[in-house]
1. Tell me the residue from Met139, Met115, Met94 that is of a type in the set (A, V, I, L, M), modelled with pLDDT of 90 or more and in a loop (DSSP other than H, G, I, E, B), please.
2. Please find, within the range 91-145, the residue that is least open to solvent (accessible area, probe 1.4 Å) out of those that are basic (Lys, Arg) and closer than 18 Å to Glu49 by Cβ.
3. Mind listing just one residue for me: the one in the range 50-77 that is hydroxyl-bearing (Ser, Thr, Tyr) and in a loop (DSSP other than H, G, I, E, B) and, of those, surrounded by the fewest Cβ atoms within 10 Å (Cβ to Cβ)?
4. Of everything in the range 25-49, what is β-branched (Val, Ile, Thr) and surrounded by fewer than 20 Cβ atoms within 10 Å (Cβ to Cβ)? Give them in sequence order.
5. I'd like the full set of residues that are in contact (Cβ under 8 Å) with a residue 24 or more places away in the chain and part of a loop (DSSP other than H, G, I, E, B), limited to the range 97-112.
6. Among (1) touching a residue at least 40 places away in the same chain (Cβ under 8 Å); (2) among the charged types (D, E, K, R); (3) surrounded by fewer than 14 Cβ atoms within 10 Å (Cβ to Cβ); (4) closer than 18 Å to Phe55 by Cα, where does Arg165 come up short?
Amino acid sequence: MKKLLALPMLALLIASCGNGTSPDARAYTITMEPLGYSVDTSGVYTIPEVTIELFSHAGAADVRTIDYTAVILNTSGARAAANNSQIVPAYGTMFGGARGGYTCRTTAQAQCTWMSSDANFIDAGPQQWASNRILKAIMPFEWAVAHNTSNAGDTAGWYAEFTFRAVQTNGNTVTWKQNYQIVAPAGS
């Protein structure tokens, strides 16, 4: 009888784990202030730093790096163009050494890992891990110029589509996409 009950329980446990490929099972979310710029009366562009925060969902592993590739899209969702050519993508490293979706009940924060015996899997962000918040000027200068000088009509709906690639400390790689609004002037 015990064997008969164990098999359905095992199947239920395996099904609840999932394979991590579901688009709804995202391990991380990155929030970012709107990307923006300002231009003074003499034509000098200023690209401010924005606050970028990583939120790791419960049980997500620590990350070694999170790299990105971003394209600028117009109101219709097509690649934005300047002077009849597509605006080049931006790429780089967003985070290095960020923390996952856990905290520890008694272990000191500096020694706490997701493998600690007292690890508590929770949705965690900058409130738990200071390394999950950065300030960075991320909008490329070329994007600001193209957005400001576009003759393509309404640029109010332009946005950036980021493809993130997280290399986790357990050796796995997770990728996902997120969109961020482009505003001018910055902070508006």
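1. Values: Met115 fails: modelled with pLDDT of 90 or more; Met94 fails: in a loop (DSSP other than H, G, I, E, B).
Result: Met139 is the single residue among Met139, Met115, Met94 that is of a type in the set (A, V, I, L, M), modelled with pLDDT of 90 or more and in a loop (DSSP other than H, G, I, E, B).
2. Lys136
3. By that ranking, first place goes to Ser76.
4. Within the range 25-49, the first condition is being β-branched (Val, Ile, Thr), and the residues that meet it are 29-31, 39, 41, 44, 46-47.
Answer for the range 25-49, where residues must be β-branched (Val, Ile, Thr) and surrounded by fewer than 20 Cβ atoms within 10 Å (Cβ to Cβ): Thr29, Thr31, Val39, Thr41, Val44, Thr46, Ile47.
5. Taking the range 97-112 and keeping what is in contact (Cβ under 8 Å) with a residue 24 or more places away in the chain, we get 97-103.
Matches in the range 97-112: Arg99, Gly100, Gly101.
6. (3)
The values are calculated or read from the model by the stated rules, or taken from the named source; none is laboratory data. Values in this document were obtained by computation on a predicted structure and should not be read as measured data. Note: ideal-geometry Cβ built from the backbone for every residue, glycine included; neighbour counts use all protein chains shown. Protein only, heavy atoms only, side chains kept; ligands, DNA and RNA dropped before computing areas. Shrake-Rupley method; radii C 1.70, N 1.55, O 1.52, S 1.80 Å.
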